[in-house]
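Heads up: the structure comes next, in structure tokens.
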Amino acid sequence: MEKNPQVMSYITLRELSSSQEVTEITVLKTCQSLGFDGFNELKYEFRKNSIAKRKTDVLDEKNFYTESIPEYESEDERKFLKEVGESEVQMTAQFWEEVNLTDIFRAAGMLLSKKKIYICGRGISYLLAQCMVAYLYGCDCYASVVNTELNEEVYGVLSELNEDAVMVAVSFPDYYFMTLKLAEYAKNNHTMILAITDDPKAEVAELADLTLAAPSITRAFLNTLSTPMFLVNLLVSAVKIRKKDKKNPQKERKINDLLES
């Protein structure tokens, strides 16, 4: 546990017991001997420490939310809720302070450079993909959403992933394997790939031509949409700006020269 704090934040009881070749009861007894009521309470403390260090890893199976919050955290409900809110505000503020606007405009250029746009994700990532498709539609930039948890949608898009398309791989924890597999397929077919994730070192980033990252984990939620939605809002706003500039060739050339420099 001490050697793998990031993994401990989200590993399941079954995975931990299997990897250490011990029974689940042994793990639970270990948690109790360390002063915790159960395994989820122990994971919560690892995750809280991980968030403080801005480190993330794989989530617990398919859950979007944390397990129940430990009683000792909710003794003062108002205090705890205030801390949750402040953590989201700080996370968003830090994202805005560090965001690379040049990369945002490069991503917008990618979306506008291809005839076909496929925005792919699963779970929370799929919800974000749906919002992005709707927002792009509002600025006359048409895209299709692909739920990578549905085999028929994955197979249906395979023939479309080629050099005439751009794939937006939305991959927030639990970094669903089929989203990664689809990105691998797209890369092998010379499809341009834009990754939207929580960590620039996430596996999907290795497949992407460009990666945009926004933190998503807080103490109350394993994935909050607040900062990722901020990122999507910025990206779609950049698309609107670039579309407007295309009507002004001289201004567009100046922007391209700036981005290249």
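The values are calculated or read from the model by the stated rules, or taken from the named source; none is laboratory data. Owing to the predicted nature of the structure, the values given are computational and were not obtained by experimental measurement. Virtual Cβ from ideal backbone geometry, glycine too; neighbours counted across all protein chains shown. When the accessible area is computed, the model is the full protein with side chains, heavy atoms only, and any ligands, DNA or RNA have been set aside. Shrake-Rupley method; radii C 1.70, N 1.55, O 1.52, S 1.80 Å.
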Task: Exclusive hit being over 16 Å from K240 (Cβ atoms), open to solvent by less than 20 Å² (accessible area, probe 1.4 Å), out of contact with any Pro (no Cβ under 9 Å at 6 or more places or on another chain) and not in a helix (DSSP H, G or I), set V154, V146 - done: V146
- [ ] Within region 166-176, identify whether any single residue is modelled with pLDDT under 95, open to solvent by 20 Å² or more (accessible area, probe 1.4 Å) and farther than 19 Å from P228 by Cβ, and answer yes or no.
- [x] no
Open item on the list: Residue under question is G109, and the condition is that it be more than 16 Å from the chain's Cα centre (by Cα) and either modelled with pLDDT of 95 or more or open to solvent by 10 Å² or more (accessible area, probe 1.4 Å) (or both); does it hold?
Closed with: yes
Task: Check on F95, in a helix (DSSP H, G or I) and either free of Cβ contacts under 8 Å to residues at least 40 places away in the same chain or out of contact with any Ser or Thr (no Cβ under 7 Å at 6 or more places or on another chain) (or both) - done: no
Open item on the list: All but one of (1) buried (at least 22 other Cβ atoms within 10 Å of the Cβ); (2) free of Cβ contacts under 8 Å to residues at least 40 places away in the same chain; (3) not in a helix (DSSP H, G or I) hold for N162; state the number of the condition that does not hold.
Closed with: (1)
- [ ] Filter region 191-213 down to the residues that are hydrophobic (A, V, I, L, M, F, W, C) and over 17 Å from Y176 (Cα atoms), then identify the one that is farthest from the chain's Cα centre (by Cα).
- [x] M192
Open item on the list: Step by step: first the residues of region 120-143, then only those that are under 22 Å from A238 (Cβ atoms) and outside any helix (DSSP H, G or I), then the one that is most open to solvent (accessible area, probe 1.4 Å). Which residue is that?
Closed with: Y142
TODO: Would you point out which residue out of Y44, Y10 is aromatic (F, W, Y), modelled with pLDDT of 65 or more and either part of a loop (DSSP other than H, G, I, E, B) or open to solvent by 80 Å² or more (accessible area, probe 1.4 Å) (or both)?
DONE: Y10
Open item on the list: Please determine whether any residue of region 61-83 is surrounded by fewer than 15 Cβ atoms within 10 Å (Cβ to Cβ), among the aliphatic types (A, V, I, L, M), within 20 Å of L234 (Cβ to Cβ) and modelled with pLDDT of 75 or more.
Closed with: no
Open item on the list: Can you confirm whether T102 is over 20 Å from L207 (Cβ atoms), at pLDDT 95 or above and not in a loop (DSSP other than H, G, I, E, B)?
Closed with: yes
Task: Residues being assigned to a loop (DSSP other than H, G, I, E, B) and either surrounded by 21 or more Cβ atoms within 10 Å (Cβ to Cβ) or aromatic (F, W, Y) (or both) - total across region 216-232 - done: 6
Task: Close pairs (9 angstrom Cβ cut-off, 6 or more residues apart or separate chains): over 16 Å from N4 (Cβ atoms) and without any contact (Cβ under 8 Å) to a residue 40 or more places away in the chain in region 20-34, open to solvent by less than 90 Å² (accessible area, probe 1.4 Å) and part of a loop (DSSP other than H, G, I, E, B) anywhere - done: L28/G38; Q32/G38
